[in-house]
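Here, each number is a calculation from the coordinates, and none is a lab measurement. Source: prediction; values computed, not measured. Here the Cβ positions follow ideal geometry from the backbone for every residue, glycine too, while neighbour counts run over all protein chains shown.
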Amino acid sequence: ELLKLMELPPVDLLILGKKKIHSKSGITAKRIARHVKSDLLFIPEGSTKKIKRILVATDFSKYSARAIDRALTLQQGLIEPTVLESVFIMDVLEPLDKKNAGGYTPIESALQQEMDIHFADFLSKNKIVNENIKCSYIKTDEHNIAKSIRTYARDQNMDLIVMGAKGHNVIERFL
């Protein structure tokens with residue numbers, strides 16, 4: 001039934017509920033994510049009704065720019081002020097250098113400085129004007145980007161995760 005609905009003209013936003021425990025391993029959600037042409041919002045069972053903290057997963061692609069744009073549009077429509085944070089997951093191998101007070105090696109600190117410049121260029125190139133977007137770079141050696149995004153979102157008490165996707169591999173792992 002839902003797949004037939006997707007053949008209708010596209011809507012701006014398709015909102016779906018997501019059970020914590022699903023009997024068929026989320027097959028419907030995965031099918032919809034693969035085929036739908038509109039933006040898609042999954043609302044997990046038991047989620048909060050207020051959105052105060054929005055996380056945008058980014059890889060500096062055009063899909064990430066679109067995700068940031070959608071998050072900014074959503075943020076503007078909310079009544080209460082919200083925090084918007086972009087996060088880039090750095091999948092790193094642990095160098096043998098000593099870590100500084102922030103928990104990063106000199107190589108990782110230099111990489112973070114480069115990423116700050118890259119993020120500013122990314123916003124400028126995509127004509128995204130907003131000084132209030134915080135950008136964080138999270139290092140992980142788990143080699144599982146979806147898990148790292150979920151863990152960071154949970155640890156930072158994020159209410160909403162916004163992602164852009166070309167393929168849907170990360171989204172499928174997320175579901």
Review point. Which order do peptides 128-134, 109-115 fall in by mean Cβ count within 10 Å, highest first?
Key: 109-115, 128-134
**Study point:** Net lengthening on full extension, residue 37/residue 127 (0.36 nm per residue, minus Cα-Cα)
**Key:** 30.0 nm
Study note, to complete from the structure: From the cross-link list 62/134; 62/139; 125/147; 50/134; 62/147, the entries with a Cα-Cα span beyond 25 Å are 125/147
Check your understanding: Roughly how many nanometres apart are two label points built 7 Å out from the Cα toward the Cβ at residue 142 and residue 53?
Key -> 1.6 nm
